[in-house]
Each structure stands twice: as C-alpha cells, then as structure tokens.
Amino acid sequence: MKKAIVTGANGFVGSAVVRELLAHGIQVVALVHGNHCDRLPEESDALTILPMRLEAIADLRAPLTDSDYDAFYHFAWKGSAGASRSDPRLQLANVQWTVEALKLAHDIGCRRFVGAGSIMEQEVQTAVRTQGSRPGLGYIYGGSKAAAHMLCMSVAANLGIGLVWTQITNAYGIGEVSPRMVNTTIRKVLAGEPPQFTAGTQNYDFVYIDDVARAFRLIGEKGKPFYSYLIGSGTARPLREFLLEMKAAIAPDMDFVFGDLPFTGTNLPLSAFDVGETQRDTGFRANISFAEGTKRTRDWMIEKQMSSGGGYFAVR
C-alpha cells in the first residue's frame, strides 16, 4: 500500500490510523470535519488534509482526482458515542453516508474500501433472533452498523470494488475523550470515586488504540475482499476479569463495586471474539495488555489535566 484516504481522520481511531500509515511510508489524504485537525501531525510531506462534510461526501469527487489510491478507510460516523447513538434518524443517515463514501471510493479509482464496523453487529443479530428480546436504544447504533455492512456488500459487489469490513470490539487508549467504559472508570479512579459496574459476568474484550491502528493498516494491505475481520486483543473473557486487571494496575487500594448496576445487553459467547481469521490473513496480533493500556491511558489523562492548568487527581 502506497496511498490511502481516511475519512474521520481527526477522530480517535481515524487519527491513530493516519499516524500508523504515515509511520510506514504511506501517503495519506485525511478528510476531516470542517478544519478540525488538531490530532494530526502538524508537518508531513506525506499528509494532505482536506475538509469534508459527511452529508455531502460526494462533493469530494473533484478534489480527489488522483486515481492511484490503494485503500479508502471510512471512519466518519456521526453520533458514535453518547445519546446520539440512540437517534434513529441520525444513525440511518450514517448508513446512507457510508454507502456514498463507498461509491466515492469507486468513482475515484480506489482499489478497496475498508469499513469500520462494530462487534455490536453480532449483538444486534443475537437480540433480533431471540424471542421476547427487548434490546435497549443503544442497539440502534449497532443495528445501523450492521445495515451499513450489508448495504456496502451489495453495492461493492455491483460496482466491482473490494470491500473489506471490520468489527472493532472495544477500542480505548490515549486520545479517547468519549464517556465510554474505560474512560469513565479511569476518571472516577482519578477523582477518588469507587466505580460501579454490573456483575461483570458478560464476555467482553478491549483492544488498545495502537493495536487497533496497526490492525487497520494490515487489514488494508492484506485483508481479503468481502471478508469481515474482528479487531480485538485475542484475550476475551468476562468483563469482571478485565476490570480487576485494571484495578490491580492503576488502583490496587480502591474498591471496584460489582453488581450494583443491571446488565440489559446481550452476552455473546467467547467464540464471537475469535480473532483467528484476522491473525491468519493479516498477521495481526495485539501487543499491549489491558493493564499496560490502562496505565498509559491514566498517565495521559493526568498529563492532560496538568497541561490544562486544572491540576491532577491522585489515585487513592
């Protein structure tokens, strides 16, 4: 791979993938919302930054005139965290925008399109097929990712562009600012507030952002067209075990309270987290343990707090 396009390039995952590609000598065209590019390298001869509006992504056909792109990575997705995940109108719009991004990739001569899906696609399928299931509103996001996957498969097959899909388990690490589990837990630890969880018996996986970025590079280079690859740590297990590993790493003297919150999601079998195919086809294996990843994330949060003039919270 010599040249790639990345949408959502200033986001948590997108910016990490941009840095990974640049570090391996790959030229990158980074498509960013408005002029937001604070997470991207300030100076790089191999990096071109272009503003984009997701709802008007087709307008980029003219600026992207070079037909020598190897891969088109699509990360741009509005409402990927927080209350917007439950907005049906917005999430369905994301499906259409993903299809438009795929068409754009084809029209400018890109060889393959790499879509960023979620393991929630599997949760949605399980929930839909379970009689009496009453999935929460958060499944609107997962259902939209599944819909984008299916529509892109059909459109890509018709257009003749190689579609490679991914399903990310749970990415975390330096640069993450959304109110997702790892972030929220570390912030509570730094504030001296014992975090509360479900019983933690549901199967889970976390994968550090540097590993995620490397997986995307390898999938873009070696993934098979019309295959879907799981991006995970390869060490999936009950959530409680991950959280106890985090506790031992960053808060050994603090109580982690299990069982106070209800679990209303779908518990996937450990087989759903199998990364064997990703390893076989691409050579990817995660390098960063959850303990090490949470330490790095905690240290970054402290440094960020100090640099902003707000002091820092001592771990108790």
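The values are calculated or read from the model by the stated rules, or taken from the named source; none is laboratory data. Because the structure is predicted, anything quoted here is derived from the model rather than measured. Note that we place each Cβ from the backbone using ideal geometry, even for glycine, and neighbour counts take in every protein chain shown. Keep in mind that these areas ignore ligands, DNA and RNA; they rest on the heavy atoms of the full protein, side chains included. Shrake-Rupley method; radii C 1.70, N 1.55, O 1.52, S 1.80 Å.
See the values below:
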| item | result |
| --- | --- |
| Set 219, 250, 231, 209: member being out of contact with any strand residue (DSSP E or B) (no Cβ under 8 Å at 6 or more places or on another chain), crowded, with 18+ Cβ neighbours inside 10 Å and among the β-branched types (Val, Ile, Thr) | 250 |
| Qualifying residues in region 80-120 (those that are under 13 Å from the mean Cα position of the chain (by Cα) and surrounded by 17 or more Cβ atoms within 10 Å (Cβ to Cβ)) - the one farthest from residue 22 (Cα to Cα) | 120 |
| Tally, over region 276-289, of residues that are in contact with a helix residue (DSSP H, G or I) (Cβ under 9 Å, 6 or more places away or on another chain) and open to solvent by 10 Å² or more (accessible area, probe 1.4 Å) | 7 |
| Only listed residue being outside any helix (DSSP H, G or I), out of contact with any Phe, Trp or Tyr (no Cβ under 8 Å at 6 or more places or on another chain) and modelled with pLDDT of 95 or more, chosen from 285, 280 | 285 |
| Given (1) open to solvent by less than 40 Å² (accessible area, probe 1.4 Å); (2) more than 22 Å from residue 266 (Cβ to Cβ), index of the condition residue 178 fails | (2) |
| Test for residue 54: is it surrounded by 13 or more Cβ atoms within 10 Å (Cβ to Cβ), in contact (Cβ under 8 Å) with a residue 24 or more places away in the chain and either farther than 22 Å from residue 214 by Cβ or in contact with a Phe, Trp or Tyr (Cβ under 9 Å, 6 or more places away or on another chain) (or both) | yes |
| Which numbered condition residue 167 misses (of (1) touching a residue at least 24 places away in the same chain (Cβ under 8 Å); (2) assigned to a helix (DSSP H, G or I); (3) of a type in the set (S, T, N, Q)) | (2) |
| Pick from region 211-231, criterion of a type in the set (A, V, I, L, M, F, W, C) and not in a strand (DSSP E or B), ranking: nearest to the chain's Cα centre (by Cα) | 212 |
| Breaking point among (1) within 30 Å of residue 139 (Cβ to Cβ); (2) open to solvent by less than 50 Å² (accessible area, probe 1.4 Å); (3) touching a residue at least 40 places away in the same chain (Cβ under 8 Å), for residue 60 | (1) |
| Meets criteria (under 30 Å from residue 147 (Cβ atoms), buried (at least 16 other Cβ atoms within 10 Å of the Cβ) and in contact with a Leu (Cβ under 9 Å, 6 or more places away or on another chain)) for residue 169 | yes |
| Qualifying residue in region 129-136 (condition: out of contact with any Leu (no Cβ under 9 Å at 6 or more places or on another chain), in a loop (DSSP other than H, G, I, E, B), over 21 Å from residue 272 (Cα atoms) and open to solvent by less than 40 Å² (accessible area, probe 1.4 Å)) | no |
| Where a residue in region 84-105 is within 30 Å of residue 66 (Cα to Cα) and of a type in the set (Ser, Thr, Tyr) and its partner, wherever it lies, is open to solvent by less than 30 Å² (accessible area, probe 1.4 Å) and assigned to a helix (DSSP H, G or I), with Cβ under 8 Å and at least six apart | 98/148; 98/152 |
| Matching residues, region 27-50, being in contact (Cβ under 8 Å) with a residue 40 or more places away in the chain and surrounded by fewer than 24 Cβ atoms within 10 Å (Cβ to Cβ) | 29, 33, 39, 49 |
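Here is a yes/no grid of residues against (1) touching a residue at least 12 places away in the same chain (Cβ under 8 Å); (2) part of a helix (DSSP H, G or I); (3) closer than 23 Å to residue 301 by Cα:
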| position | (1), (2), (3) |
| --- | --- |
| 188 | no, yes, yes |
| 193 | no, no, yes |
| 243 | yes, yes, yes |
| 246 | yes, yes, yes |
| 252 | no, no, yes |
| 271 | no, yes, no |
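Okay, residues lined up against (1) open to solvent by less than 20 Å² (accessible area, probe 1.4 Å); (2) more than 21 Å from residue 169 (Cβ to Cβ):
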{"residue": "223", "(1), (2)": "yes, no"}
{"residue": "243", "(1), (2)": "yes, no"}
{"residue": "257", "(1), (2)": "no, yes"}
{"residue": "264", "(1), (2)": "no, no"}
{"residue": "268", "(1), (2)": "yes, no"}
{"residue": "274", "(1), (2)": "no, no"}
